[in-house]
1. Could you grab me the full set of residues in segment 233-247 that are more than 17 Å from Leu199 (Cα to Cα) and surrounded by fewer than 23 Cβ atoms within 10 Å (Cβ to Cβ)?
2. Only one residue in Pro38, Pro54 is at pLDDT below 95 and either within 22 Å of the chain's Cα centre (by Cα) or crowded, with 20+ Cβ neighbours inside 10 Å (or both), so which one is that?
3. Name the single residue that is farthest from the chain's Cα centre (by Cα) among those in segment 88-105 being under 16 Å from Thr44 (Cβ atoms) and not in a helix (DSSP H, G or I).
4. I'd like the residue in segment 212-238 that is among the hydrophobic types (A, V, I, L, M, F, W, C) and either part of a strand (DSSP E or B) or under 15 Å from the mean Cα position of the chain (by Cα) (or both) and, out of all such residues, is modelled with the lowest pLDDT.
5. List the pairs whose first member sits in segment 54-70 and is over 30 Å from Leu28 (Cα atoms), whose second member is of a type in the set (Phe, Trp, Tyr) and part of a loop (DSSP other than H, G, I, E, B), and whose Cβ atoms are under 7 Å apart, counting only residues at least 6 apart or on separate chains?
6. So in segment 60-81, with the set limited to residues that are more than 23 Å from Lys211 (Cβ to Cβ) and within 14 Å of the chain's Cα centre (by Cα), which one is surrounded by the fewest Cβ atoms within 10 Å (Cβ to Cβ)?
7. Output yes when any residue across segment 89-102 is among the aromatic types (Phe, Trp, Tyr), modelled with pLDDT of 95 or more and either in contact with a His (Cβ under 6 Å, 6 or more places away or on another chain) or surrounded by 15 or more Cβ atoms within 10 Å (Cβ to Cβ) (or both), and no when none is.
Amino acid sequence: MKKTVALLTGFLLIIIVLHAQEKQPKFLVELGVGPSFPIGKFGTRSYTGIDNTPAGLAKMGLGAQVTLGFYVNEVVGLMLSSGYSVYKQDASGYEDYMKSNLRDGSRVAVDAKSWKVGKIMAGCFYITPLTSAEELTLLTKLAVGVCKTDIPEYSWTAYGQDGSVMGEGTQYKTALPWTFCYQISATLRYKLNNKLHVLLDINSFNAAAQKVDTYNPLFPVPGPTYSEKRKFRLASVNVMAGIGFTF
């Protein structure tokens, strides 16, 4: 009899623990993918070559993000996130700039590679229920961290009025240092069951990498070179749809 009571008691304790875990999850995992829209200087398409804050010439790109979270209580949590975004450059910005410095050229063709931005951030989130049964909730997130990117490579060919090649060259990829970044997010989360939910995340990301750059203001025409500190802004607005788990 005692063994039976002990077994039943143990079984009830297990049920209580599992039930408590369902009602009060401790961990969160989310994955989101979607379009990324460059803003500010990062998305500017007009290239001048001598700007202290150069245009990024970045087109709309694609971003992905993974978030790991820990619930401090029912409405507050801590998180660690990692993301990666790719943006094709608009080559016409380089082409227009080069043509303005080629007196005898009729055409410039540029092949520009893509920006690739990786980021690692830590922060916190706050949960606001939007329905009485809490199927729909809003997560407000703030995260800071570091990001890494390179100035993309591009190659160019200048043609004369008769179609002959006047000159060509390649500006190789240039590494930028790890840089402080921050992100503010608003995530709508719809619960499918006790552990699974779908989400729509809208976030604003910002960073500015700096380096000392040597340039020729008359490029591609030969001329004197100058050294100057330049700031490469990497701001974007991201809209990501995804899926998440709590446990």
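The values are calculated or read from the model by the stated rules, or taken from the named source; none is laboratory data. None of the values given here were measured: they were computed from a predicted structure. Ideal geometry is used to build each Cβ from the backbone, glycine not excepted, and the neighbour counts take in all protein chains shown.
1. Taking segment 233-247 first, the residues more than 17 Å from Leu199 (Cα to Cα) are 233-236.
Scanning segment 233-247 gives Arg233, Ala235.
2. On the way: Pro38 fails: at pLDDT below 95.
The match here is Pro54.
3. Of the residues in segment 88-105, the ones under 16 Å from Thr44 (Cβ atoms) are 88-97.
Next, from what is left, pick out any that are not in a helix (DSSP H, G or I): 88-91.
Details: Lys88: 14, Gln89: 15, Asp90: 18, Ala91: 21 Å.
Among residues in segment 88-105 that are under 16 Å from Thr44 (Cβ atoms) and not in a helix (DSSP H, G or I), the one farthest from the chain's Cα centre (by Cα) is Ala91.
4. Filtering segment 212-238 down to residues among the hydrophobic types (A, V, I, L, M, F, W, C) leaves 212, 218-219, 221, 232, 234-235, 237.
Filter again for either part of a strand (DSSP E or B) or under 15 Å from the mean Cα position of the chain (by Cα) (or both), leaving 212, 232, 234-235, 237.
Numbers: Val212: 83, Phe232: 96, Leu234: 98, Ala235: 98, Val237: 98.
It comes out as Val212.
5. Ala55/Tyr47; Leu57/Tyr47
6. Filtering segment 60-81 down to residues more than 23 Å from Lys211 (Cβ to Cβ) leaves 60, 62-81.
Checking which are within 14 Å of the chain's Cα centre (by Cα) leaves us with 60, 62-67, 81.
On the way: Met60: 12, Leu62: 15, Gly63: 23, Ala64: 17, Gln65: 25, Val66: 14, Thr67: 26, Ser81: 22.
This residue is Met60.
7. Going through segment 89-102, the residues among the aromatic types (Phe, Trp, Tyr) turn out to be 94, 97.
Applying the additional criterion that residues be modelled with pLDDT of 95 or more yields none.
Within segment 89-102, none of the residues are among the aromatic types (Phe, Trp, Tyr), modelled with pLDDT of 95 or more and either in contact with a His (Cβ under 6 Å, 6 or more places away or on another chain) or surrounded by 15 or more Cβ atoms within 10 Å (Cβ to Cβ) (or both).
Table: residues versus (1) surrounded by 14 or more Cβ atoms within 10 Å (Cβ to Cβ); (2) hydroxyl-bearing (Ser, Thr, Tyr); (3) at pLDDT 95 or above.
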site	(1), (2), (3)
Asp150	yes, no, yes
Glu153	yes, no, yes
Ala158	yes, no, no
Asp162	no, no, no
Met166	yes, no, no
Cys181	yes, no, yes
